[in-house]
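Colleague: Here's a structure for you.
The values are calculated or read from the model by the stated rules, or taken from the named source; none is laboratory data. No experiment lies behind these values; they were computed from the predicted model shown. Virtual Cβ from ideal backbone geometry, glycine too; neighbours counted across all protein chains shown. Just the protein is used for accessible areas: all its heavy atoms, side chains included, with ligands, DNA and RNA removed. Shrake-Rupley method; radii C 1.70, N 1.55, O 1.52, S 1.80 Å.
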Amino acid sequence: MTSDRGVWITLEGGDGSGKTTQADLLAEWLTGTGRTVVRTREPGGSEVGQLIRDIVLHHRGDIAPRAEALLYAADRAHHVSTVVRPALARGEVVLQDRYLDSSVAYQGAGRVLDAAEIRNLSLWAAEGALPDLTILLDLDQDEARKRLDSADKPFDRLEAEKSEFHSRVREAFLALAADEPDRFLVLDAAASPERIADSIRTRVRSLLD
Ligand code: TYD
């Protein structure tokens with residue numbers, strides 16, 4: 001989004017990889033440097049998105065894979081248009097939990113839909129918008145499952161998928177990062193939160209200068 005004045009950062013990774021912790025730490029640091037930070041997420045970063053989030057995460061029973069992909073894309077279209085673009089136009093930092101890479105990983109690799117079609121669907125929905133930086137918190141499957149189990153909250157529809165699903169998701173994220181090394185920062189999510197936060201700050205600092 002080079003034509004806008006703001007900076008757009010997305011966080012990606014499997015469930016349980018620590019995205020929320022890192023988003024909290026980064027937001028605190030950015031605010032301390034005098035930046036206005038908009039914390040947001042997909043699905044559910046807008047009012048319409050909240051309704052869609054409820055369907056995709058909590059609907060009891062199956063949702064056809066293509067319908068699921070379209071629901072995430074609909075959430076994205078509305079979110080980018082009503083939340084992300086206006087904030088970037090105001091010169092703010094948008095710090096977002098998940099974006100189109102999640103669709104390519106979960107609906108593409110996870111649900112076994114065509115990755116290029118899923119990416120193009122998202123790009124159409126968002127009128128081609130891509131973040132300045134995408135932080136991928138990569139976590140080994142066993143560790144991710146352990147963290148989710150110990151979180152002691154009920155699994156949503158995606159978290160409840162079997163481990164092969166989550167392995168495919170992880171591999172897809174890593175492949176996406178390898179395809180776009182300039183946009184991605186890949187970090188080992190098993191490292192200490194402070195160490196991860198430090199690596200993130202180093203990269204973000206170079207973006208802001
Ligand atoms: P998230 O908000 O990270 O879940 P939680 O609040 O439980 O941490 O993400 C919700 C789920 O939606 C997550 O399992 C990944 C999935 N997802 C997709 O399958 N496709 C997408 O395009 C997005 C944005 C998320």
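Colleague: Based on the Cβ-Cβ distance of residue 90 and residue 198, what FRET efficiency does E = 1/(1 + (r/R0)^6) give at R0 = 22 Å, to the nearest 0.05?
Modeller: 0.15
Colleague: Going by amide H atoms built from the backbone, whose H comes under 5 Å of the H on residue 10, apart from near neighbours?
Modeller: Sorted by chain and number, the residues that satisfy this are 96, 133, 134, 135.
Colleague: A follow-up question, please. Residues with beta-carbon under 10 Å from that of residue 55, excluding residue 55: net charge, scoring Lys, Arg +1 and Asp, Glu -1?
Modeller: -1
Colleague: In nm, to one decimal, how far is the modelled label at residue 191 from the one at residue 47, with both set 7 Å along Cα→Cβ?
Modeller: 4.2 nm
Colleague: If you roll a 1.4 angstrom probe over the protein chains with everything in place, what fraction of the accessible area of the chain belongs to carbon and sulfur, to the nearest %?
Modeller: 51 percent
Colleague: Counting only other residues whose beta carbon sits under 13 Å from that of residue 154, what net charge do I get with K and R as +1, D and E as -1?
Modeller: -2
Colleague: Further question on the same structure: Which of the three applies to the chain, rounded, prolate or oblate, going by the alpha-carbon gyration tensor with a ≥ b ≥ c and a/c under 1.5 meaning rounded?
Modeller: oblate
Colleague: Moving to a separate point now. Hey, what number do you get for the chain at 222 nm if only DSSP H runs of n ≥ 4 count, each worth -39500 (n - 2.57), divided across all residues, to the nearest 500?
Modeller: After summing the helix terms and dividing by the residues of the chain, the value is -15000 deg cm²/dmol.
Colleague: Can you give me the C-alpha center-to-center distance between region 1-79 and region 108-131, rounded to a whole angstrom?
Modeller: Region 1-79 and region 108-131 have Cα centres separated by 15 Å.
Colleague: Express the accessible area of the chain per residue in Å², computed with a 1.4 Å probe while the remaining protein chains stay in the model.
Modeller: I get 49 Å² per residue for the chain.
Colleague: As an exercise, use a Förster radius of 45 Å and the Cβ-Cβ distance of residue 205 and residue 62 to find the FRET efficiency, rounded to the nearest 0.05.
Modeller: 0.50
Colleague: Further question: For residue 99, what charge total do you get from the other residues with a beta carbon under 10 Å from its beta carbon, if Lys and Arg give +1 and Asp and Glu give -1?
Modeller: With Lys, Arg at +1 and Asp, Glu at -1, the neighbours total -1.
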